[in-house]
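Here is the structure we will look at, set down as structure tokens.
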2 protein chains.
Amino acid sequence: MDRRVLSLNQYTVKPWSLEAAVAACVARDVPSIAVWRDKLAELGTARTAHLLRASGVRASSVCRGGFFPHPSPGERARRIDDTRRAIDEAAALGAPTLVLVCGPPAGQPFADARAQVAEGIAACAADAQRAGVRLGIEPLHPMMVTERSIIATLGEANDLAASIGSPAVGVVVDVYHVFWDVRVLDEIARAGERIAGFHLSDWRTPNGGDVTAQRAMIGDGCIELGTLARAVAAAGYRDDIEIEILNEAAWAGDLDRWLDTAVARYAAIA
Amino acid sequence: MDRRVLSLNQYTVKPWSLEAAVAACVARDVPSIAVWRDKLAELGTARTAHLLRASGVRASSVCRGGFFPHPSPGERARRIDDTRRAIDEAAALGAPTLVLVCGPPAGQPFADARAQVAEGIAACAADAQRAGVRLGIEPLHPMMVTERSIIATLGEANDLAASIGSPAVGVVVDVYHVFWDVRVLDEIARAGERIAGFHLSDWRTPNGGDVTAQRAMIGDGCIELGTLARAVAAAGYRDDIEIEILNEAAWAGDLDRWLDTAVARYAAIA
């Protein structure tokens with residue numbers, strides 16, 4: 001695959017600082033990085049923007065806003081405000097996309113949680129449009145419904161984006177979350193220009209530990225990566241493609257080697 | 001919920017023999033049992049049929065046929081033959097349903113595996129109809145795609161059953177596998193008379209061990225059991241409702257107490 005649109009999602013090398021992750025991109029001719037907000041907060045937005053400019057590394061996305069559902073209206077408002085701050089941070093870094101992890105039901109009926117997600121995104125859409133940032137609704141694997149996201153299929157994300165109807169609301173296609181779905185190719189085609197991100201890793205069934213951090217190295221699992229990449233390209237997506245391999249075992253090991261392998265496997269996807 | 005349609009899926013008490021499981025049903029006024037084929041093979045079909053008649057306990061289903069996808073045509077034929085034997089066993093027990101666990105891709109492209117599932121079910125449909133047994137396509141949680149089933153949503157199971165178009169091909173609604181799906185209520189309504197089984201347990205995210213055997217006790221998780229039960233009833237389903245809680249920790253503990261709790265929790269679903 002095309003190295004010119006390769007981005008390192010920095011949680012692939014989560015233990016590293018933003019400076020170290022950017023340096024690793026420069027060292028490997030990786031032209032883009034996806035920035036997580038905890039790392040951004042450590043360095044500060046202004047210094048991060050300066051670091052990226054000075055390094056010639058662009059920001060593909062900021063991760064993340066969202067976590068909208070909550071029983072308390074005050075807490076829901078706080079989370080919408082937090083997502084608005086994340087929009088400003090993405091704009092400051094020149095990142096075209098703010099990834100939305102929509103949040104679990106938080107003990108509420110699922111229908112209520114879904115309505116709160118829709119309300120939360122709608123409340124932020126105009127801010128995103130003004131800032132020139134797209135909100136990317138990322139459906140997460142149905143396994144993570146109580147950890148991370150009541151939005152669990154690309155079809156649901158497409159429906160949600162369509163119902164909000166703002167050009168600033170798109171969807172993110174992460175292969176780990178959607179590969180299993182018989183409808184995934186149809187929903188990628190349907191998403192079309194709405195696709196605001198494409199993330200790569202691989203699937204091996206989690207077996208102990210944190211269910212959100214057991215993604216496999218590209219090529220070590222069962223995901224039909226080439227098929228999905230061709231579908232996303234056919235849908236018109238031309239922007240950065242993120243390597244995003246959250247893996248707690250890898251984080252405890254040799255991350256330079258992990259990243260070298262990921263970059264080589266990315267190049268080999270056909 | 002109605003005790004008159006309560007069935008014990010015997011893997012809820014997997015370490016027990018069929019005789020012990022049937023005795024546990026009699027002791028608790030549970031009128032029905034779902035029989036697994038490994039247990040059936042231990043006792044033999046004729047003796048099992050006699051045991052059920054003598055005990056006054058009916059069979060709600062036999063579990064399971066399927067596992068259709070395989071790269072070898074000979075092996076695929078063998079699995080179809082095995083499913084035909086399972087149909088005969090279900091008929092011998094008077095079980096109205098043979099549950100189909102359709103099988104993982106077995107290293108093949110997902111589209112090929114899905115086609116092999118469709119071919120396998122179609123090959124068995126006439127046998128099932130002659131035997132008076134319904135094949136229940138059970139979509140399994142997307143988490144289990146590499147362990148158990150390429151068929152991962154109720155929508156996909158409904159499409160598959162509709163495309164085969166036999167009155168002997170239905171779908172099984174197991175709450176553990178489908179609860180997360182924004183479309184689940186619509187697909188239950190769409191399934192209508194096609195519903196050939198309804199299974200209860202609860203969801204807590206697996207965290208180590210066998211991903212297929214970490215279902216939670218009814219009421220200990222996040223599944224909207226009452227909502228799903230009402231939807232299945234509204235779709236016209238009036239047959240047995242199985243308690244099917246595969247849990248490896250419970251299997252190592254006090255199964256009488258586990259079963260007592262399950263029966264009490266079943267009764268309390270509202």
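The values are calculated or read from the model by the stated rules, or taken from the named source; none is laboratory data. Note that the coordinates shown come from a computational prediction; the quantities given were computed from them, not determined experimentally. For neighbour counting, all protein chains shown are included, and Cβ atoms are generated from backbone atoms with ideal geometry for every residue, glycine included.
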Review point. Within the stretch A:36-63, which residues are closer than 26 Å to residue A:122 by Cα, touching an Asp or Glu at 6+ places or on another chain (Cβ under 8 Å) and assigned to a strand (DSSP E or B)?
Key: A:60, A:61, A:62
Exercise for review: From (1) among the hydrophobic types (A, V, I, L, M, F, W, C); (2) over 28 Å from residue A:251 (Cβ atoms); (3) at pLDDT below 95, pick out the condition that doesn't hold for residue A:211.
Suggested key: (2)
Point to revise | Leading residue by the ranking (farthest from residue A:128 (Cα to Cα)) among those in the stretch A:81-115 that are crowded, with 20+ Cβ neighbours inside 10 Å, in contact with a strand residue (DSSP E or B) (Cβ under 8 Å, 6 or more places away or on another chain) and not hydrophobic (A, V, I, L, M, F, W, C) | key: A:104
Check your understanding: If residue B:226 passes every condition in (1) away from chain A (no Cβ under 11 Å); (2) outside any loop (DSSP other than H, G, I, E, B) but one, which one does it miss?
Key -> (1)
Check your understanding: Is there a residue being within 11 Å of chain A (Cβ to nearest Cβ) and touching a residue at least 24 places away in the same chain (Cβ under 8 Å) anywhere in the stretch B:243-260?
Key -> no
Review point. Within the stretch A:1-25, can you find the residues that are part of a helix (DSSP H, G or I) and among the hydroxyl-bearing types (Ser, Thr, Tyr)?
Key: A:11, A:12
Exercise for review: Kindly indicate the residue of the stretch A:198-214 that is of a type in the set (Ser, Thr, Tyr) and either part of a strand (DSSP E or B) or in contact with a Lys or Arg (Cβ under 8 Å, 6 or more places away or on another chain) (or both) and also nearest to the other protein chains (Cβ to nearest Cβ) among those meeting that condition.
Suggested key: A:212
Practice item. Count, please, the residues in the stretch B:221-261 that happen to be of a type outside the set (Ser, Thr, Tyr) and within 17 Å of the chain's Cα centre (by Cα). Key: 14
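Would you be able to tell me the number of residues in the stretch B:131-149 that are assigned to a loop (DSSP other than H, G, I, E, B) and at the interface with chain A (Cβ under 7 Å from one of its Cβ atoms)?
Adding up the residues that qualify gives 4.
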Practice item. Kindly indicate which of A:174, A:186 is touching a His at 6+ places or on another chain (Cβ under 6 Å), among the charged types (D, E, K, R) and within 14 Å of another protein chain (Cβ to nearest Cβ). Key: A:174
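Among B:115, B:128, which is the only one that is more than 26 Å from residue B:253 (Cα to Cα), without any contact (Cβ under 8 Å) to a residue 60 or more places away in the chain, under 17 Å from the mean Cα position of the chain (by Cα) and in a helix (DSSP H, G or I)?
B:128
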Check your understanding: Within the stretch B:212-242, restricting attention to residues that are of a type in the set (A, V, I, L, M, F, W, C) and in contact (Cβ under 8 Å) with a residue 60 or more places away in the chain, which residue is farthest from residue B:10 (Cα to Cα)?
Key -> B:229
Check your understanding: Among the listed residues A:264, A:234, A:270, which satisfies the condition of being surrounded by fewer than 18 Cβ atoms within 10 Å (Cβ to Cβ), aliphatic (A, V, I, L, M) and modelled with pLDDT under 95?
Key -> A:270
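With the structure loaded, tell me whether residue B:152 is within 11 Å of chain A (Cβ to nearest Cβ) and small (Gly, Ala, Ser) or whether it fails that test.
Values: within 11 Å of chain A (Cβ to nearest Cβ): yes; small (Gly, Ala, Ser): yes.
Yes.
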Review point. Just checking, which of B:197, B:209 is over 17 Å from the mean Cα position of the chain (by Cα) and touching a residue at least 24 places away in the same chain (Cβ under 8 Å)?
Key: B:209
Review point. Just wondering, is there one or more residues in the stretch B:158-168 that are in contact with a helix residue (DSSP H, G or I) (Cβ under 8 Å, 6 or more places away or on another chain), surrounded by 24 or more Cβ atoms within 10 Å (Cβ to Cβ) and either in a loop (DSSP other than H, G, I, E, B) or not small (Gly, Ala, Ser) (or both)?
Key: no
Review point. Which of the residues spanning the stretch B:180-189 are of a type outside the set (A, V, I, L, M) and touching a strand residue (DSSP E or B) at 6+ places or on another chain (Cβ under 9 Å)?
Key: B:187
